[in-house]
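The values are calculated or read from the model by the stated rules, or taken from the named source; none is laboratory data. Only a predicted model underlies this, so the values are computations on that prediction, with no experimental measurement involved. Cβ atoms come from the backbone with ideal geometry, glycine included; neighbour counts cover every protein chain shown.
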There are 4 protein chains.
Amino acid sequence: MLITLSPNTPPTTRAAVLAAALERGFQVQSMDNGRGGSVIGVAGSLGHDLLELPGVESVQTVHKPYMLASREARSTSVVMVGDVAIGAGTPVVMAGPCSIESEAAQIAIALDVKRAGATILRGGAFKPRSSPYSFQGMGEDGLRALATARQASGLPVVTEVMEPEQVDLVAEYTDMLQIGSRNMANFPLLKRVGRSNVPVLLKRGFAATQEEFLMSAEYIMAGGNPDVVLCERGIRAFDSAFRFTLDLNVVPSLRELTHLPVMVDPSHGTGRRSLVGRMAMAGIAAGADGLMLEVHPDPDNALSDGYQTITPDELAHICRRGAAVHDALRGFDEQDELASIATFDTLDEGAEVALSA
Amino acid sequence: MLITLSPNTPPTTRAAVLAAALERGFQVQSMDNGRGGSVIGVAGSLGHDLLELPGVESVQTVHKPYMLASREARSTSVVMVGDVAIGAGTPVVMAGPCSIESEAAQIAIALDVKRAGATILRGGAFKPRSSPYSFQGMGEDGLRALATARQASGLPVVTEVMEPEQVDLVAEYTDMLQIGSRNMANFPLLKRVGRSNVPVLLKRGFAATQEEFLMSAEYIMAGGNPDVVLCERGIRAFDSAFRFTLDLNVVPSLRELTHLPVMVDPSHGTGRRSLVGRMAMAGIAAGADGLMLEVHPDPDNALSDGYQTITPDELAHICRRGAAVHDALRGFDEQDELASIATFDTLDEGAEVALSA
Amino acid sequence: MLITLSPNTPPTTRAAVLAAALERGFQVQSMDNGRGGSVIGVAGSLGHDLLELPGVESVQTVHKPYMLASREARSTSVVMVGDVAIGAGTPVVMAGPCSIESEAAQIAIALDVKRAGATILRGGAFKPRSSPYSFQGMGEDGLRALATARQASGLPVVTEVMEPEQVDLVAEYTDMLQIGSRNMANFPLLKRVGRSNVPVLLKRGFAATQEEFLMSAEYIMAGGNPDVVLCERGIRAFDSAFRFTLDLNVVPSLRELTHLPVMVDPSHGTGRRSLVGRMAMAGIAAGADGLMLEVHPDPDNALSDGYQTITPDELAHICRRGAAVHDALRGFDEQDELASIATFDTLDEGAEVALSA
Amino acid sequence: MLITLSPNTPPTTRAAVLAAALERGFQVQSMDNGRGGSVIGVAGSLGHDLLELPGVESVQTVHKPYMLASREARSTSVVMVGDVAIGAGTPVVMAGPCSIESEAAQIAIALDVKRAGATILRGGAFKPRSSPYSFQGMGEDGLRALATARQASGLPVVTEVMEPEQVDLVAEYTDMLQIGSRNMANFPLLKRVGRSNVPVLLKRGFAATQEEFLMSAEYIMAGGNPDVVLCERGIRAFDSAFRFTLDLNVVPSLRELTHLPVMVDPSHGTGRRSLVGRMAMAGIAAGADGLMLEVHPDPDNALSDGYQTITPDELAHICRRGAAVHDALRGFDEQDELASIATFDTLDEGAEVALSA
């Protein structure tokens, strides 16, 4: 159940709810409700009438299984990564190489992507590779290179963590922990990052349903970490001409279901360099809170994922045009916007609105 | 093989090629190459050296299996539907109800969608329904209602044809023949519309690969009808929360492979009314030549597909914002655009630029 | 609604039901219920209390949307193809080449597959090919060759029909009409074979759900043709190492939902010759009523589908071993069988048995 | 590259190969080749002519990327779990509850499944659940209950391990470590069980290709653990009527590619209790080395997965009939078998082999 508390709820109310939950052995977790108050999620039903407690605004007993992640708990969230706000209205671009290749290279690419318009730097130190014989990443040396590039560029950084034991180590060096597509249902790892206080970029499993995706976010939030950003990165479909199929339907759909920000990764979501630019535009148009892109100065010689990696110039193009698309769609989802159209059309029937105009 | 003829090729050259093909029993079809000359596709290899014939610009013996539809045959195509040009740079909006419900209703919706910004009217008279007991469309009465609505609104019309025997009948009433997703691989139907001179809207089978899609276009073109418009309308994927998954990756990918215009249908591609607007924007941003949308004055009471149907007001919103997105992306794919970025960055950001060189 | 009539129902009852349905404009169709009586399906609800009519055994108002095909209408069906019974307890093998190649070749393969154990001969005269430039079948000459091979071998024959206009022609030459996977949702074709009196082999669309499959059978039955045999032939999945994925789950599942016989096609369902034998065995073990197999004396030189075609020797191996598997599983699904196990265990293993009780 | 050494190869040869590999920084791993000798896999190419070394039988430089798992390295493998041999010709049945529920319950079910014919006991102590609020398994208490049930029944046991840190703990209690479908690409976990000396049951990811499946096995083998058993457990497809689709095509296909045993899990592969029996038979007929089944005395009240769980009686039925199917197919894949058919048919053309016999 979800219990919403108003801003000035007395501590005794919160204590009473927590005590009641613990007594029954239910999991319980509270978080800011985005309106000055807070919301408490209890994995079970508390028997007494909580609405009588002072400060209790509402009690929901029927809700989505991902109760903390749902829009029933709060309407929107902004996740801060360093000083960059994800979900605050301006699309955020995370960019960098698939794998960190050296300290010098990481510093150079950091400056490149910053100049191109990215505000968060990516780079993999621990890499999930389908072959045990492929380059597995630079490991802790890579993390150090990433931290140096952060300092040199001033950009906050995101990097992948692959196992529970590594979470503390990786968290020392990064501003955001990435959970890769293949680990979306690695529940021990989700629980472990849920106990960290570093924001998490959760990539959708390439065969995960929307609900499974949100349940994985819930695992992290149930552990006490509310700072989760979702990332659509392509699903597996039937046409072997594409490595993955970017599923943009989930962007507006997740918007209806969750308060968490939603990003789009057109690099993995297409698996083909020449499609990345257009699909980045489509992601922004679908309403994404940002983009994650693989960028390398010389994609053909990147240590991994070169076929889907773009250059800093292409990134600049994407950043500039993405901002223009975002501007063109400001206010698109607002009710007033739709209402004003109705009025406009009713009043002005003669004026033919043409897309071609 | 593909033989390209220059504008002033003597008739003897064309005659020689056709004769050589017919003699060997090869299928042969020629079409305008978009640059004043023409291109002849021969389903086989002609034994003599055609390059020696006067006017022969080029001979390609290795090419895509969809030779007429490929960009190897010509670079772009514009398909005229009435006086509306598809593929000419301005996105076209086709809109109207799933099923034609009555003459009066079709006239009313025609005026509504025109006012909202659509330039082609849709409406189904023969409906493929998964149940034999569901409403199967108004049939020829529906075609007559569509023709009346065309006259009343001045909009050209598109409607579905489901079987070879109906092609002549439907072609009498419509400006464009639609081949539905379930008929994308109905080869006798494709062959039959290939022998008609009415433009064809070919919807992608919901489990068809990109290559199968283009081979179906090739069936139509091999019959002598070059006016084919492709339409992505969602593929079948694994998440039952969505009827279909709009696959926008194919929009930029088809652009690389074919000269045919590519449209997007976010109504079927999402199966959910609330997702249509954003996915229409994403379709335009992905580079589509237009949108096909199901529109009804009262979607909840539409005879079919109400759950994915929007109102005329929502259509107006989509047309207006779609035009803005299109404007924001004018010239996006052009090489000069990318080159200018590089220059811009070099001039603007100075010595610190370290490009891939 | 479904109205079941007992064997000796007076004609007045049937007439009253039909009249009531027609009066309300509902589609109506009756068929044998498999127990001496009949069942009438009405696509709507009749307002008066039909149970009061003499001979009415039962009235079902809530049932599956595929009412005639469902097990609610009757429990099992046997479909006769010539003198071969499908669904009568013994698996039936249909075999032959993908395409009919010549009269002599078709006669030779007919004798080969008969000797190997097949009891129905297949062969395509009209072929759906993904390229307009590929061999499209011998057409009517192929049908004549098939009829000659039938006479020479004594085997009844099955061949594909691709368009409504061809149904009468094809029906002249064949004992069973095949609807191919790509035409499973070609509703005009389904309606047309529904008006024929020739049994139909309906192959599952490679991206059709089980319910869509049954609704397509319903289209045929609603037209008046009760003799439908379903055939699972592989679905499209994500691994490009396989052309299709044979979905045997549907075999026992369809058994629960429909009285129609269910066959399995491991040639298309694997797309790879070396997998056909084992998957044929798996199909029989899953409970299929028979197998459809592509067989050619020289698969590497077959005009189509050679990669998934086996030799007559391999067919003989499959027939022999398939019979053994079928024998090993006789009675597998019967309740008594399960009950006897419980008894057997109780008697044999004594007091230590702790059943669920 | 793969270097095969004959039984009596001098130690100097092996030492030379290992030294050459290490010197170049290549990963290297050797294992028994199944014919008395051994095979060394080197993840790179060694520059000198190894064939000149004494005892080197063959050197393969071109081979599958899963070199140790491939049939190029050895032809078949038998994996011992306790005293039970998997891959030795007789199908092995692993059975038990999804979750261990108590020590008493686990002992009771152990005796039940043993009596029914199972030879390995399963039961989950650490459970991957899609909700953080669902029962997550009994943990170490569950492991202890499993060990007690092993002692009481004499059956070796298999249980899932979910994270690298738990491998040592779980290995203390179990005879076989299970890697679940969601962890098939959890590479740190694969590496960790690769360093253990306990056999591993590797379940296929529900959206993993056959090659990805084998690469995950390779991760384990490259760590030094050769005892890997593969298990097909259903893939994710498009029909929401089925939780998963059992993909039996991979059984004969994996047989062509790998020496590792292949099992089938019809409980997860159907997600529906009523389909388990038939699909178990199909799995055996497809050539699987065994079955994994969820069994509970009272499936409707199981703590997890009850909808796909069968009773001990149903298990007995499956074991008995599965053995009969296996017997019916003994020698099915052998070349001699096929050859003898050819002879038989040639000699005895008059004898019609009929499946119906």
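Descriptive notes on the structure:
- Checking C:V62 against (1) without any contact (Cβ under 8 Å) to a residue 24 or more places away in the chain; (2) more than 29 Å from the chain's Cα centre (by Cα), the condition it does not meet: (2)
- The stretch A:46-87, subset hydroxyl-bearing (S, T, Y) and within 17 Å of A:R35 (Cβ to Cβ), residue surrounded by the fewest Cβ atoms within 10 Å (Cβ to Cβ): A:S75
- Selection from the stretch D:32-43 of residues that are more than 13 Å from chain A (Cβ to nearest Cβ), crowded, with 19+ Cβ neighbours inside 10 Å and part of a strand (DSSP E or B): D:S38, D:V39, D:I40
- Candidate set: the stretch D:166-192, residues that are touching a residue at least 60 places away in the same chain (Cβ under 8 Å) and within 21 Å of D:G82 (Cβ to Cβ); chosen: the one surrounded by the most Cβ atoms within 10 Å (Cβ to Cβ): D:M176
- Total residues in the stretch D:311-347, condition part of a helix (DSSP H, G or I), out of contact with any Asp or Glu (no Cβ under 8 Å at 6 or more places or on another chain), at pLDDT 95 or above and under 30 Å from C:D313 (Cα atoms): 7
- Per the listing A:R74, A:R115, A:R122, the residue uniquely of a type in the set (D, E, K, R) and within 15 Å of A:R150 (Cβ to Cβ) is A:R122.
- Selection status of A:R272, surrounded by fewer than 24 Cβ atoms within 10 Å (Cβ to Cβ), out of contact with any Cys (no Cβ under 9 Å at 6 or more places or on another chain), more than 14 Å from chain D (Cβ to nearest Cβ) and modelled with pLDDT of 95 or more: yes
- At least 1 residues being over 21 Å from B:S130 (Cα atoms) is the threshold, and among the helices (runs of 4 or more DSSP H) wholly inside the stretch C:139-227 those reaching it are C:140-153, C:167-173.
- Checked against (1) facing chain B (nearest Cβ under 10 Å); (2) more than 27 Å from C:D247 (Cα to Cα); (3) modelled with pLDDT of 95 or more, C:K191 passes all but condition (2).
- Only one of the numbered conditions (1) closer than 21 Å to D:M221 by Cβ; (2) surrounded by fewer than 19 Cβ atoms within 10 Å (Cβ to Cβ); (3) in contact with a strand residue (DSSP E or B) (Cβ under 8 Å, 6 or more places away or on another chain); (4) free of Cβ contacts under 8 Å to residues at least 24 places away in the same chain is not met by D:V28, and that is (2).
- Test: residue in the stretch D:248-266 that is over 14 Å from the mean Cα position of the chain (by Cα), within 11 Å of chain B (Cβ to nearest Cβ) and either touching a residue at least 60 places away in the same chain (Cβ under 8 Å) or surrounded by fewer than 24 Cβ atoms within 10 Å (Cβ to Cβ) (or both): no
- Checked against the criteria, A:S240 counts as in a loop (DSSP other than H, G, I, E, B) and either under 26 Å from A:L189 (Cα atoms) or out of contact with any Gly (no Cβ under 8 Å at 6 or more places or on another chain) (or both).
- Residue within the stretch D:160-172 that is under 21 Å from the mean Cα position of the chain (by Cα), under 20 Å from D:D112 (Cβ atoms) and either of a type outside the set (A, V, I, L, M, F, W, C) or within 11 Å of chain A (Cβ to nearest Cβ) (or both) present: no
- Considering residues of the stretch B:283-305 that are within 14 Å of the chain's Cα centre (by Cα) and in a loop (DSSP other than H, G, I, E, B) only, the residue surrounded by the fewest Cβ atoms within 10 Å (Cβ to Cβ): B:G287
- Being crowded, with 24+ Cβ neighbours inside 10 Å, away from chain C (no Cβ under 14 Å), touching a residue at least 40 places away in the same chain (Cβ under 8 Å) and part of a loop (DSSP other than H, G, I, E, B) is a property that B:A280 lacks.
- Test: D:V161 is more than 16 Å from D:L291 (Cα to Cα) and buried (at least 24 other Cβ atoms within 10 Å of the Cβ): yes
- Taken as a whole, the stretch B:288-310 holds no residue that is farther than 20 Å from B:G124 by Cα, at the interface with chain A (Cβ under 7 Å from one of its Cβ atoms) and at pLDDT 95 or above.
- Restricting attention to the stretch B:181-224 and to residues that are over 12 Å from the mean Cα position of the chain (by Cα) and charged (D, E, K, R), the residue that is nearest to B:L257 (Cα to Cα) turns out to be B:E211.
- Across the stretch D:193-205, the number of residues qualifying as buried (at least 24 other Cβ atoms within 10 Å of the Cβ), without any contact (Cβ under 8 Å) to a residue 40 or more places away in the chain and over 15 Å from D:T159 (Cβ atoms) comes to 1.
- Hey, B:F332 aromatic (F, W, Y) and either facing chain A (nearest Cβ under 7 Å) or farther than 28 Å from A:F244 by Cβ (or both) or not: yes
- Meets criteria (buried (at least 22 other Cβ atoms within 10 Å of the Cβ) and among the polar types (S, T, N, Q)) for D:T245: yes
- Filtered residues of the stretch D:96-128 (kept if surrounded by 23 or more Cβ atoms within 10 Å (Cβ to Cβ) and more than 14 Å from chain C (Cβ to nearest Cβ)): D:G96, D:C98, D:S99, D:I100, D:T119, D:I120, D:L121, D:R122, D:G123, D:G124, D:A125, D:F126
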